[in-house]
Amino acid sequence: RDYKVTGVQTCALPIYQGKAIPHATGGSSGEPVRFYRTIESYDWRTAAKTRTYGWSGLRDGASSLHLWGAPVGIPSRTERWKAGADHWLRNERMVQTFAQSQDLWDKVAVEMLRHPPEYLLGYVSSLLRFARFVEEGKRKLPRLRGIVTAAEPLDEKQRNRSEEHTSELQSPCNL
């Protein structure tokens, strides 16, 4: 809320004023968050993400399908090109799951058959809904090396449900 009033003045150190880049979340798990980041904070975030995903076995270059939210606002042509190039280099396929439907899950299943990923990554809620879709439709999909939950907390009940629902999707490994 301070962002709306003070903007870049909310940066921790004055040395970052003029260097801070506005950023925002889509608010899929609550109210959208608007904040500033710097090249250094973005590098730190990327390193932390790479290390965390690496613990699951997901390394840069491993094929992965991400069930993720939609971008905030309408990205420019340049932003879309840069994001597409980044995903291509990392061997990531992105599916926006902000608006979930039977048609969306059908498209995700087709995508997985067309381009079998080694890893499935996404919001807990999206992964659970997709797993339920697969289970209820008795669909056969490619085996995965792992499933990575991100961006939402995973409590013990959800972990147990996730492991039950995703047992058909993955080779033996833990969430």
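The values are calculated or read from the model by the stated rules, or taken from the named source; none is laboratory data. Nothing here was measured: the structure is a model prediction, and the numbers come from that model. Heads up, the Cβs are rebuilt from the backbone with ideal geometry, glycines too, and the neighbour counts pull from every protein chain shown. All accessible areas refer to the heavy atoms of the entire protein, side chains included, with ligands and DNA or RNA removed. Shrake-Rupley method; radii C 1.70, N 1.55, O 1.52, S 1.80 Å.
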Let me know the volume per residue of the alpha-carbon convex hull for segment 35-113, in Å³. 133 Å³
Less than 11 Å Cβ to Cβ from Q102, Lys/Arg counted +1 and Asp/Glu -1: what total charge do the surrounding residues give? -1
Using only the heavy atoms of the protein chains and a 1.4 Å probe, how would V95, V110 rank by accessible area, largest first? V110, V95
Straight distance only, please: which lysines reach the Cα of K107 with their own Cα at less than 17 Å, same-chain residues fewer than 8 apart left out? K138, K140
Hey, what do the phi angles of segment 42-59 turn into as Karplus ³J(HN,Hα) couplings, whole Hz, using 6.51/-1.76/1.60 and θ = phi - 60°, x for Gly and Pro? 5, 4, 4, 4, 5, 5, 5, 5, 4, 5, 5, 4, x, 4, 8, x, 6, 10
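Counting only other residues whose beta carbon sits under 15 Å from that of S41, what net charge do I get with K and R as +1, D and E as -1?
For residues surrounding S41, the net value is +3.
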Any chance you could run the full-extension gain for K82 through H23? It's 0.36 nm times the residue separation minus the Cα-Cα distance, nm to one decimal. 19.7 nm
Measuring with a 1.4 Å probe in the full set of protein chains, what accessible area per residue, in whole Å², belongs to segment 48-165? 62 Å²
Heavy-atom accessible area order for V33, V108, largest first, 1.4 Å probe: V33, V108
If ligands, DNA and RNA are left out, what is the accessible area of S125 with a 1.4 Å probe, given in Å² to the nearest 10? 40 Å²
